[in-house]
1. Look at the range 31-50 and say how many of its residues are surrounded by 12 or more Cβ atoms within 10 Å (Cβ to Cβ) and outside any strand (DSSP E or B).
2. Got a sec? Which of Ile125, Ile68 is in contact (Cβ under 8 Å) with a residue 40 or more places away in the chain, among the β-branched types (Val, Ile, Thr) and under 28 Å from Trp23 (Cα atoms)?
3. Please verify whether Ile67 is outside any helix (DSSP H, G or I), of a type in the set (A, V, I, L, M) and surrounded by 15 or more Cβ atoms within 10 Å (Cβ to Cβ), treating the condition exactly as stated.
4. So, Leu83, is that one assigned to a helix (DSSP H, G or I), within 17 Å of the chain's Cα centre (by Cα) and not hydroxyl-bearing (Ser, Thr, Tyr) or not?
Amino acid sequence: MGQIELLQEYLVKWQDILRLRDWDIRLTLVDVEWRKTGDIKIDEDDRKAIVMINTVNPKQTNLEEVIIHELLHLKLWGMDQMLERLLFSVFGQDENDPKYDFAYTQFMLLVESTVEDLAKSFLTIGGSNKEISFGRVQKLVDEELAKASEKIILE
């Protein structure tokens, strides 16, 4: 089975498990250099979404986990948008305002960490590949060890 077929299988499986059957969801593979492993674009009015998956340089190795993560963003979209509007009404939208910057950054960190925790939980109980990706943190380890090796060689 090819990569697109496997990802499509994961999408259908998790769309069903997460009770997102009433959404039209399409999968798009990103085959250019991209800073993300996955993303989702949502049209709430039409109940359509496109899940984008990086196939060139993904930061995560378990793409089933990425599919789950992005679908959880869709599942939580209404709450996410309501809280973002509340944040804007309290702090405005001036990105140079330290209060706004702090509140928005904390909100985004909380959303991302909650979605990732839920994705790992779902992966553990129902994933085909239960191995959690260590991509981003492993990159930090690899970079640090490369620097240490360079230092030893220079000494």
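1. 5
2. None of the other options fit; the residue is Ile68.
3. no
4. Numbers: assigned to a helix (DSSP H, G or I): yes; within 17 Å of the chain's Cα centre (by Cα): no; not hydroxyl-bearing (Ser, Thr, Tyr): yes.
When the stated conditions are applied, Leu83 does not pass them.
Residue-by-condition table, conditions (1) within 18 Å of the chain's Cα centre (by Cα); (2) at pLDDT below 85; (3) farther than 23 Å from Leu18 by Cα; (4) surrounded by 13 or more Cβ atoms within 10 Å (Cβ to Cβ):
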residue: Met52; (1), (2), (3), (4): yes, no, no, yes
residue: Trp77; (1), (2), (3), (4): yes, no, no, yes
residue: Leu87; (1), (2), (3), (4): no, no, yes, yes
residue: Pro98; (1), (2), (3), (4): no, no, yes, no
residue: Leu110; (1), (2), (3), (4): yes, no, no, no
residue: Leu118; (1), (2), (3), (4): yes, no, no, yes
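The values are calculated or read from the model by the stated rules, or taken from the named source; none is laboratory data. None of the values given here were measured: they were computed from a predicted structure. Don't worry about glycine lacking a Cβ; one is built from the backbone with ideal geometry, like all the others, and counts go over all protein chains shown.
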